[in-house]
1. Tell me whether the stretch 2-12 contains one or more residues that are free of Cβ contacts under 8 Å to residues at least 40 places away in the same chain and β-branched (Val, Ile, Thr).
2. Do we find a residue being in contact with a Leu (Cβ under 9 Å, 6 or more places away or on another chain) and aliphatic (A, V, I, L, M) anywhere in the stretch 66-79?
3. Anything in the stretch 85-104 that is surrounded by 13 or more Cβ atoms within 10 Å (Cβ to Cβ) and not in a loop (DSSP other than H, G, I, E, B)? List them, or say none.
4. Within the stretch 110-132, work out how many residues are crowded, with 16+ Cβ neighbours inside 10 Å, free of Cβ contacts under 8 Å to residues at least 40 places away in the same chain and not in a helix (DSSP H, G or I).
5. I'm checking my understanding of the structure. Among residues of the stretch 24-46 that are among the β-branched types (Val, Ile, Thr) and outside any loop (DSSP other than H, G, I, E, B), which one is nearest to the chain's Cα centre (by Cα)?
6. Quick one: which residue in Tyr76, Tyr52 is surrounded by 13 or more Cβ atoms within 10 Å (Cβ to Cβ) and touching a residue at least 60 places away in the same chain (Cβ under 8 Å)?
7. Would you mention how many residues in the stretch 1-18 are at pLDDT below 85 and not in a loop (DSSP other than H, G, I, E, B)?
8. Arg21 is checked against (1) more than 22 Å from Asn116 (Cβ to Cβ); (2) modelled with pLDDT of 85 or more; (3) open to solvent by less than 90 Å² (accessible area, probe 1.4 Å); (4) in a loop (DSSP other than H, G, I, E, B) and fails just one. What number does that condition carry?
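The values are calculated or read from the model by the stated rules, or taken from the named source; none is laboratory data. Since this is a predicted model, take the numbers as computed values, not measurements. Positions of Cβ are backbone-derived with ideal geometry, glycine not excepted, and every protein chain shown enters the neighbour counts. Note: accessible area is taken over every heavy atom of the protein model, side chains too, but ligands, DNA and RNA are not part of it. Shrake-Rupley method; radii C 1.70, N 1.55, O 1.52, S 1.80 Å.
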Amino acid sequence: SKAVDSYGKEISLAPGVSRKRVISAETARELQEILSEAVSEGTGKSAQIPGYRVGGKTGTAQKPREGGSGYEPGRYVASFVGFAPVEDPSVAAIVIIDEPKTAIWGGVVAAPAFKNIVEFSLRRLKIAPKVAN
């Protein structure tokens with residue numbers, strides 16, 4: 001099976017992998033808007049990039065106990081996953097911080113790292129800003 005990369009070049013998919021739509025275009029657009037609001041108004045504000053609409057989701061999880069039930073006190077994984085620009089996604093990234101030290105919240109420790117990585121990537125790929133901030 002074949003696919004097209006972001007540069008329009010045809011690429012081969014791994015054997016046994018095929019492309020199949022799993023949600024409608026309308027549902028995908030709705031999710032883009034919801035995830036954009038999570039960054040513009042919610043816990044992902046630290047992922048905002050001037051000139052771009054960013055969509056994403058923060059995550060904070062307590063680590064499970066090794067070899068038992070329950071969770072390890074004081075041990076967390078913080079994350080942020082997102083994409084930009086929302087209107088025509090070109091860059092997607094996930095930042096996972098295992099046992100963060102300064103704070104446990106994904107919006108506090110992972111979202112700023114996502115911002116730095118994706119902002120650099122957008123500029124490097126010469127993807128022009130579309131939003132006046």
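1. yes
2. So in the stretch 66-79, the residues in contact with a Leu (Cβ under 9 Å, 6 or more places away or on another chain) come out as none.
No; the residues of the stretch 66-79 include none that is in contact with a Leu (Cβ under 9 Å, 6 or more places away or on another chain) and aliphatic (A, V, I, L, M).
3. Val91, Ala92, Ala93, Ile94, Val95, Ile96, Ile97
4. Final tally of qualifying residues: 0.
5. Val39
6. Tyr52
7. Summing the residues that are at pLDDT below 85 and not in a loop (DSSP other than H, G, I, E, B) in the stretch 1-18 gives 5.
8. Of everything listed in (1) more than 22 Å from Asn116 (Cβ to Cβ); (2) modelled with pLDDT of 85 or more; (3) open to solvent by less than 90 Å² (accessible area, probe 1.4 Å); (4) in a loop (DSSP other than H, G, I, E, B), Arg21 misses just condition (3).
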